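To start, the structure itself, in structure tokens.
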Amino acid sequence: MLLEIKDLYVRYGNIEALHGVSLTVDKGEAVTLIGANGAGKTTTLNTITRVPPPEGPKVSGGDILYNGESLLDIEAHTIVQKYKIALAPEGRHIFGNLTVEENLQLATYARKDTEAIKADYKRVYDLFPRLVERKKQRSESLSGGEQQMLAVGRALMTGCDFLLLDEPSMGLAPLLMYDMFRALKKLNQQGMTILLIEQNARLALQFAHRGYVMDTGEIVAHGTAKELSENPDVKKAYLGG
Amino acid sequence: MQKYSVPFLVVVLLVGLVACAQTGFMDLYIQSIVLFMGINIILSSSLNIVNGYMGEFACGHAAFMAVGAYVSSTLNVWLFTQDKFFGPPVLSPDLALYFFPVVLLAGGVVAALAGILIAIPSFKTRGDYLAIITIAANYIVTSTIINMDSIGGARGFMGMKKILFAMSDTVDLPWILIWVVISTVLTIWIIRRFVSSTYGKGIIAICQDEVAAEIMSVNTNKMKLIAFMLSSGLAGIAGGLYAHILGYINPGSFGILKSTECLVMVYLGGMGSLSGSVISAILFTLLLEVLRFVIPWMDTVMHWAYLLPDGYHLSQVWKWVFIPMILILLMQFRPEGIMGNRELSDFFPKLKKFYSFK
Amino acid sequence: APKEIKIGFNIPLTGDIPKVGEESKFAGEMLKEAINAAGGLEVGGQKYKLNFVYADNESKAESAVSVALKLIEKDQVLAIVGPNSSKQAVPAGQACDDNRTPMISPWSTNPDATLNRPWVFRAAFLDPFQGPVAADFAMEQFGAKTAAVLFALANDYSKGLAEIFQADFEKKNGPGSVVAFESYGDKDQDFSAQLTKIIAAKPDFIFLPNNYNEVALIVKQAHDLGWTGPFMGADAWGNSELMTLCGDDCKGQYFSTHYAAAGATGATKEFIDKYTAKYGYEPADVAALTWDATNILLKAIQDMGSLGNDLKENRKNLRDALANVAEFHGITGTMKFDAQGDPIKCAVVVKINDNGKFEFTKSVCP
Amino acid sequence: MLASILQNIINALQWGSFYSLIALGYTLVYGVLLLINFAHGDIFMVGAYIAFFVATFFLSMTTLPGWMVLALTIPLGMILTALVGVSLERIAYRPLRRKGAHRLYVVITALMCGLVLENGNLALLGASRKSFPELIDKVVYTVGTVTMTNLKVAVILSALLTFAILQFIVTKTKIGMAMRAISYDKFAVPLMGIPIDTVIVFTFVLGSAFAGLAGLLFALSYPILDPYMGAMIGWKAFIAAVVGGIGDIRGAFFGGFLLGFVEILVVAFFPSTYRDLIAFSILLVILCIKPTGLFGVAKTTKI
Amino acid sequence: MPLLEIHELTQYFGGLCAVSDFSVALESGELVGLIGPNGAGKTTVFNLVSGFYKPTQGKIIFKGSSIAGLKPHEITGRGIARTFQNIRLWNHMTVLENICVSQHYNMGYSLMDALLRTKRYLKQEKRIVTEAMNILEALDLARYADEVPPNLPYGLQRKVEIARALSIKPSLLLLDEPAAGLNSADVKDLISLIQRIHREFDITIWMIEHQMTVVMTLCSRLKVIDFGATIADGTPDEIQNNPDVIKAYLGDDAI
Ligand SMILES: Nc1ncnc2c1ncn2[C@@H]1O[C@H](COP(=O)(O)OP(=O)(O)OP(=O)(O)O)[C@@H](O)[C@H]1O
Ligand SMILES: Nc1ncnc2c1ncn2[C@@H]1O[C@H](COP(=O)(O)OP(=O)(O)OP(=O)(O)O)[C@@H](O)[C@H]1O
Ligand SMILES: CC(C)C[C@H](N)C(=O)O
Ligand SMILES: [Mg+2]
Ligand SMILES: [Mg+2]
């Protein structure tokens, strides 16, 4: 078991956002998390990466184990540096005052493996050729979709082996969305573990091996992708009938 | 009946204060605290329009105070007193009583016009760049005054006390107290009406998302102009009152330090909370005075407990160490100011019934 | 009847010239202790303890006004000693005059402090007298035909004296003989541009009617800019802190002042010795002037004959008594009072010798 | 005439150097936290006092020659001043940041910290001024009627050097990039594996250390220290930083010199009372023409 | 006469040509889609129409008069409302206030009226609130009137934003990716909402959207742009089978 979330309770101030969430991700798996707006999906990912307050939530119960080690007392930057877990956050959060290139470069902040970095650049630029064209542009003037590419590209540049993606397809044109999912699939096949949040449940279940369905801070269903796509409740609520 | 409770209270307050002053129940010292409280309330709540409701960071409030102070002082001195520079009074000093509000208002109007000086750059500039423009405007105003030798230049302007004497010679009442209370109440009333109208909420929209405001039909430039002018106009009135209370003004009293005092009161109270501004102005004024007594007392206690060497005494300078420290602490506990952006009535919903004070 | 007499001191304990406030306070304390030790001040056969309230005006004009108001309204003092600097004495004088409380400034030399103010008095000579003293001395000592002036714009004293000096010097040496007349603002630290202008105008000497703290900076910067000529100062130089701040740069310069501690005799020496013993340094002008001013005030209180219960009445009587003091023998010399209530007394010019002591050079009497 | 213009250029270079040095610290902290660190002028003042105490300590305790004392005072002063800056960050700003307070509340806290430093100094050390010892023998070079001192040369060179160092750090190194990134979006910074607090502390160390250097140089050039010496120059340096384009190192550097030149030249050609009036009017005009300062880049609002 | 006519609109950002020679004509009552790859310039077109940028070149004619160069609030006053790609509600105001403040183009009283609480002020204020409530009622949002937007689920926030745009009674409504971030169920609601608005409010709608289900069901006509230039124009069916569009935009959905 690579990642194991055990009975996690999480709160923002006085509001409890997760009430006992448990889920597991195995090495090399692609797992998706689907659910209605406000279900707590983003909260789950932010908790795993230990995003600090004020944005980050506070864990009030349960545990997050990574390779058997608890992540609860680890600082956010160590999660990336040492545990190699990267997150492409919801809302992109790119560094608008830096150029596209600098954004990518910054993600290699703690890395020393020059060769691997080079390979990663190539991988990202191959995945999103549009970023090559925009290399020197201040990233805040990118179009919405371009920014999304940058956010995913940046997460890859941290040299992670566990990738958390929060609605990566948001605002992407269909062509690009499919391209990106194909590329992610390839990454996954090369051994990258992926945990994905996606509003487009059909696409997500097509992509992932397994899935969890969240609702108001709880896991309400889980199973293999195939099981979930055939589950009548899931079909009705998330697959549009 | 409840509808009139607030106006009624205001009248009671005014009459009560005047009676206390008149009977000597409230000595001049207490009176002066009340006066400064009033002025601070006007200053903080007027700055709150721009810094709280509209979300700009204007740091030059004292400049408008200065404009109001100088305009109303010179007008009054020119009209009603014998002055070295302006010569004999133009009108009989008996009239000072009736013209005082007009002159005060004139100061406010000129200050509002000076407000345009920063309102226009604000169309294009936002945030910290606008903050600088306001600081620069503050320097420009004070140094313009420094260069006007006829009104005393850097050395200040005096003679306003005579106006107060002229007023109480005509009718024996504590006039300045009356005017301060009336101005304070009017200020709160105007601001409250402004920001609670859909029209005035335009500036709150600008604060939260200017792009959305502009797209949703708010004429942002016009609203900014109104907000800046209203804010600086009221500061001008506060300045006029301040000048007459002290009887002496000089450009140094309207520098950046005074402006920061206004800033502190606004943020201490909470951005966009009118009751917050009022409360913080009162607290701030009281704190200043209370420490005056607390420090010697602390000195005694600490010497008694052998915490201080014999030769060292806590001087009043410590006041200006304690006040900022208290404020820093307060900020740590309430990082959104005393009231956040809520009003008293949000905390005590029952008050709403009485809130026809609109 | 009240058993004590309360007198307020409106002095700069912090701000630009804290040493001035300190010396004023010490002089006041010394006098108070001496009199209270003897049972108090005798007025009309009754002894009153003295109570001195020292309030800090931060060396700011606006604070001086609010301090005056506070002393008058909250502390209910009978009279006020200070402020010292004309920058504060001019506005505070207005406040005292308006509120009908007697005030006596020990050290203010600007005429406006007392002009047309029946309630305001002083113990120092006036700048219309001091300006010509400085001009004459410089002409004689340096053979000066031209002069330059650098003054503080926001200071009534500095500006007033600069103007008086300019008028007088040009009267004596022809128009344009003051070749540079430069000013600076509050809290300025860099004077290089003004000094560059002054040095380029090649004056025979530079007149600096400024507070001692600024003098130190100006003199040093002038030397950095290559100025080697003499400076001439005025009474605001006269402070023991001048030399700690200015060091070697000020040695050899002259300034006009109220008294010279070195070589004093009689009551003056007694005062100096007592002060030095008590506080560890030699008192400068302001201590002596505060001593005199307070004594004038106490003398007037005694002249009143008796103290009533009504503070307003007492203040009024005290004012009248002060106005009636015709002559006073103080430790800074004998003063006669003119119709305005200003003293007529002698000035001295001192040289700062190589040990950094203020050495008596010359006395000038009106 | 020419000579006095030259002389004034030298004067302006020296005066501008101080504005630059202080403005650099402002801009550095602003560039990271968008925090107008209003305490910076007072940290500069503290730097001068620290230098004073360090120098007098060595002078009274040892028999080292003046230049040695200076050589020791520079690094020690910078380190101690940096400590002060970092403490402010730890005690006052960081908790607020953690609580997600509006950034203007941090600004107000900074203002308050400045007041505490100023008045705390006054209350503890008394109102009398300190006179800074002359550590190196002043050498006045005269060419014609134009004079220059060794100290002025040192001041100007220090400003240049500081600028070069900071510019390099901010634009060319990863930590510099991280500093800029923090200013734009704090949320995502740790997600890149960047220890955000370390970067912020580093920024405060840099900013305050150079304020310490500025304080020392200032004390050498204007050897009278008082608790309020940093207030005015601090405000003005901040204005200079913004006119240059706040957050940009070049902006602070040139902004500082611009203000220095304007001030000195106004005094050189007009009555000195017009200095602030003209200087600030010019700055206002610059900001009206270029609303984000000389080097600042407008933030594009993406809709 | 078409409601909105755009002629050869061009917009440069520095050297970058975001929109080039873009022309379109919208008839009253149409529901038209604007699609294209990311960075094609769609949002930029909307920004130009709503007055946020001044076009480098080209004409924008609305109801027969040119609106290029007018201020955004003036354009809104003439009847063009829009929503944003990323929701831009005023987060510290209640939903009701959000709607009310958007009445600035039509206050009906002056500052003085507000300060003096004149009859006119009271009457107009009442009208504004009633009208706002009507809009909320119509979109089933009335029960959230006193909530602040951050407390609402994302889908509802989108809806509030649409309500706010509708409240200025526009004749043309621009929707920038209204379905972004919504899940399939919410998307279905959104589709029916837009259909209802189109019917009941009798307005012209122009929308940008990447979710094909949305545009294909709603729009009668689609315009496809890439690199700021039009590459196709036609009914949804035509577009779906247009090889250029498939190549540049739709791609193939096998992963
Ligand atoms: N910073 C925050 N402060 C307070 N509450 C929050 C915060 N972030 C999220 N919440 C609340 O926590 C709950 C879960 O939100 P979360 O963002 O995790 O949902 P989500 O499943 O990601 O939804 P979406 O599909 O809209 O992204 C929601 O009720 C939300 O209002
Ligand atoms: N203010 C600006 N400054 C510079 N370039 C800009 C600016 N706004 C947009 N651009 C560029 O113009 C192009 C078009 O941007 P636009 O936002 O219109 O794209 P879009 O079609 O809406 O894309 P998306 O579907 O991803 O939102 C993009 O390449 C973007 O980088
Ligand atoms: C410097 C001052 C304390 C004294 C000076 N004579 C004045 O009148 O201002
Ligand atoms: Mg989410
Ligand atoms: Mg777009």
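The values are calculated or read from the model by the stated rules, or taken from the named source; none is laboratory data. What you see is a predicted model; the values in this text were computed from it and never measured. Because the Cβ atoms are built from the backbone with ideal geometry, glycine has one as well, and the counts that use them run over all protein chains shown. Side chains included, ligands, DNA and RNA excluded: accessible areas come from the protein's heavy atoms. Shrake-Rupley method; radii C 1.70, N 1.55, O 1.52, S 1.80 Å.
Between D:L72 and A:T99, the modelled label-to-label distance comes to 4.8 nm, taking each label 7 Å out from Cα in the direction of the beta carbon.
Within chain B, the selection of entire DSSP H helices by a Cα span of 15 Å or greater along the long axis and an average Kyte-Doolittle value of at least -1.0 returns B:5-23, B:28-48, B:61-80, B:96-124, B:127-146, B:160-170, B:175-196, B:220-246, B:256-269, B:274-304, B:319-333.
Our compactness index for the range C:109-219, the C-alpha radius of gyration over the empirical 2.2 N^0.38 Å, is 1.09. Here the alpha carbons of chain D define both size measures, Rg and Dmax, at 19.5, 67 Å.
Taken along its principal axes, the alpha carbon cloud of the range E:143-255 reaches lengths of 49, 36, 24 Å, longest axis first. Estimated from helical segments only, the mean residue ellipticity of chain C at 222 nm is -13500 deg cm²/dmol, where each DSSP H run of four or more residues counts as -39500 (n - 2.57).
If you wrap a convex hull around the alpha carbons of the range B:46-171, what volume per residue comes out, as a whole number of Å³?
On the way: hull volume 13.1 nm³, N = 126.
So the per-residue hull volume is 104 Å³.
Cross-link reach is defined here as a Cα-Cα straight distance under 20 Å, omitting same-chain residues fewer than 8 places apart; for C:K202 the lysines meeting it are C:K145, C:K171, C:K172, C:K220.
Taking every alpha-carbon pair in the range C:170-236 and binning the separations at 5 Å intervals from zero gives 3, 16, 28, 27, 16, 8, 2 percent.
When Rg is the radius of gyration of the Cα atoms in the range B:113-203 and Rh is its Kirkwood radius, what does Rg/Rh come to?
On the way: Rg = 18.9 Å, Rh = 17.0 Å.
Checking Rg against Rh, the ratio lands at 1.11.
In the context of the full protein assembly, C:E62 retains an accessible surface of approximately 30 Å², using a probe radius of 1.4 Å and ignoring ligands and nucleic acids.
At full extension, C:E4 and C:T334 could sit 115.9 nm farther apart than now, given 0.36 nm per residue minus the alpha carbon distance.
Can you tell me the accessible area per residue over the protein assembly as shown, all protein chains present, probe 1.4 angstrom, in square angstrom?
Numbers: 54010 Å² over 1523 residues.
With the other protein chains kept in place, the protein assembly as shown gives 35 Å² per residue.
With Cα atoms defining each centre, the range C:141-186 and the range D:65-126 are spaced 42 Å apart in the structure.
Candidates E:G228, B:L28, A:T43 compared by Cα position along the dipole of the protein assembly as shown: farthest toward the positive end lies E:G228, with charges placed on Cβ. Annotation: amide H-H contacts under 5 Å for A:V220 (H modelled 1.01 Å from N, sequence separation of 5 or more, or interchain): A:V213, A:M214, A:D215.
Each principal axis of the Cα atoms in chain C has its own extent, and those three values, largest first, are 66, 39, 34 angstrom. Placing B:E261, E:E137 in order of accessible area, with the largest value first and a 1.4 Å probe, yields E:E137, B:E261. For the range D:24-227, the dipole from Cβ point charges (+1 on Lys and Arg, -1 on Asp and Glu) about the Cα centre works out to 580 debye, to the nearest 20.
Please get the size of the charge dipole for chain A, origin at its Cα centre, with Cβ charges of +1 on Lys and Arg and -1 on Asp and Glu, quoted in debye to the nearest 20. Numbers along the way, then the final one.
Values: 28 positive and 30 negative charges, 144 e Å.
Rounded to the nearest 20 debye, it is 700 debye.
Residues within the reach of a label modelled at E:R127 (point 7 angstrom out along Cα to beta-carbon, backbone nitrogen below 15 Å), restricted to the range E:145-186, are E:168-169. Once the gyration tensor of the Cα atoms in the range C:1-149 is diagonalised, the equivalent ellipsoid follows with semi-axes of 32, 18, 15 Å, ordered largest first. For the residue pairs C:K197/D:K130; C:K87/C:K251; A:K122/A:K186; C:K25/C:K74, alpha carbon separations beyond 18 Å are given by C:K197/D:K130; C:K87/C:K251; C:K25/C:K74.
Shown are A:K186, E:K126, C:K159, whose ranking by accessible area with a 1.4 Å probe and every protein chain present, most to least, is E:K126, A:K186, C:K159.
Interface of D with C. Using a 1.4 Å probe and counting protein heavy atoms only, the two chains hide about 2600 Å² of accessible surface, both sides summed. Within chain C, the selection of entire DSSP H helices by a Cα span of 15 Å or greater along the long axis and an average Kyte-Doolittle value of at least 0.5 returns C:61-73. Net charge of the neighbourhood of B:Y312, taken over other residues with C-beta under 15 Å away and scored Lys/Arg +1, Asp/Glu -1, is -3. Every helix of 4 or more DSSP H residues in chain D counts as -39500 (n - 2.57), and over all residues that averages to -24500 deg cm²/dmol at 222 nm.
For the peptides E:146-155, C:130-139, the ranking by mean Cβ contacts within 10 Å, running from highest to lowest, is C:130-139, E:146-155. Once the convex hull of all Cα atoms in the range A:1-102 is built, its volume per residue stands at 128 Å³. The share of alpha-carbon pairs in the range B:188-343 lying farther apart than 25 Å comes to 48%.
Taking the Cα centre of the range B:9-255 as origin, sum charge times position over the Cβ atoms of Lys and Arg (+1) and Asp and Glu (-1), and report the length of that vector in debye to the nearest 20. Display every interim value, and only then the final one.
Numbers: 11 positive and 11 negative charges, 54 e Å.
For this selection, approximately 260 debye.
Taking all Cα-Cα distances within the protein assembly as shown, those exceeding 44 Å account for 52%.
At a 10 angstrom cut-off on C-beta neighbours, averaged per residue, how do the peptides C:149-157, C:226-234, A:113-121 rank from highest to lowest? Each step should come with its number before you reach the end.
On the way: C:149-157: 25.6, C:226-234: 19.8, A:113-121: 13.0.
In descending order of packing, they fall as C:149-157, C:226-234, A:113-121.
Within 10 Å of the Cβ of each residue in A:153-164, the mean number of Cβ atoms contributed by other protein chains is 1.
Compute the Rg to Rh ratio over the range A:120-180 from the alpha carbon atoms, using the Kirkwood formula for Rh, and round to two decimal places.
Numbers: Rg = 11.1 Å, Rh = 11.9 Å.
Looking at the range A:120-180, the ratio lands at 0.93.
If you take each beta carbon of peptide D:86-92 and count the beta carbons of other chains within 10 angstrom, what is the mean? Present the calculation step by step, with values, prior to reporting the outcome.
On the way: counts 0, 0, 0, 0, 0, 2, 5.
Other-chain Cβ atoms within 10 Å of each residue's Cβ, averaged: 1.
On average, how many beta carbons from a partner chain sit within 10 Å of the beta carbon of a residue in D:220-230?
Numbers: counts 0, 7, 7, 7, 9, 1, 7, 2, 4, 2, 0.
Going residue by residue through D:220-230 and averaging, the value is 4.
Panel note: the C-alpha atoms of chain E, placed on their principal axes, show extents of 63, 41, 34 Å (largest first). Computed with a 1.4 Å probe on the full set of protein chains, the accessible area for B:S45 sits at about 0 Å². Computed over protein heavy atoms with a 1.4 Å probe, the carbon and sulfur contribution to the accessible area of the range B:9-255 reaches 73%.
Computed packing ranks the peptides C:284-292, E:83-91, A:204-212, B:242-250 as C:284-292, B:242-250, A:204-212, E:83-91, most packed first, by mean other Cβ atoms within 10 Å. Estimated purely from DSSP H runs of n ≥ 4, each contributing -39500 (n - 2.57), the mean residue ellipticity at 222 nm for chain E is -10500 deg cm²/dmol once divided by its residues.
Taking the alpha carbon gyration tensor of the range B:9-255, what are the square roots of 5 times its eigenvalues, largest first, to the nearest whole Å? If you can, show how the numbers build up before the last one.
Working: eigenvalues 217, 99, 38 Å².
With the √(5λ) rule applied to the range B:9-255, the semi-axes are 33, 22, 14 Å.
If contacts are Cα pairs under 8 angstrom and at least 6 residues apart, what is the relative contact order of chain C in percent? Before the final figure, lay out the partial values.
Working: 773 pairs, mean separation 63.7, N = 366.
The value is 17 percent.
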